[in-house]
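Input: a single structure, listed below in structure tokens.
The values are calculated or read from the model by the stated rules, or taken from the named source; none is laboratory data. Please read all numbers here as calculations on a predicted model, not as lab measurements. Protein only, heavy atoms only, side chains kept; ligands, DNA and RNA dropped before computing areas. Shrake-Rupley method; radii C 1.70, N 1.55, O 1.52, S 1.80 Å.
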Amino acid sequence: MGGSSSTSKDALALFQFLGSAYSATHTTFKIIDLYVVYAVFTALTQVVYMAIVGSFPFNSFLSGVLSCIGTAVLAGFATTACICGFSSIQFGSKFGDHELPWIN
């Protein structure tokens, strides 16, 4: 079947589009994206540490992981309710626009 070839071409085209669109994203969004990735990486590091060492003070583990995840979620909302800084792709707005496109 030729379906897998067209699927891989579609996936490659999608990644190329997202890469070119992300390169056009404002630097402020990219910095926030790095912060979100850092927060999620820190949460995953805590989970791995708990799996290796144990979870004796479970409330400390829980507060650390939830703090990291909450920070990542709130930082994501700070980028005008978009994930990974793709606001110009999703909403068609440039950085600095103060009105949302669906509210006029």
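Rolling a 1.4 angstrom probe over segment 1-65 with all protein chains present gives an accessible area of which 74% lies on carbon and sulfur atoms.
Computed from backbone phi, the HN-Hα couplings of segment 27-36 come to 4, 4, 5, 5, 5, 5, 4, 4, 5, 5 Hz, rounded to whole numbers (Karplus: 6.51 cos²θ - 1.76 cosθ + 1.60, θ = phi - 60°; Gly and Pro given as x). Per-residue extension of 0.36 nm, minus the Cα-Cα distance of A11 and F56, leaves a gain of 11.8 nm for this segment.
Computed 3J(HN,Hα) for segment 43-53, one whole-Hz value per residue from the Karplus formula 6.51 cos²θ - 1.76 cosθ + 1.60 where θ = phi - 60°, is 5, 5, 4, 5, 5, 5, 4, 5, 5, 7, 8, glycine and proline marked x.
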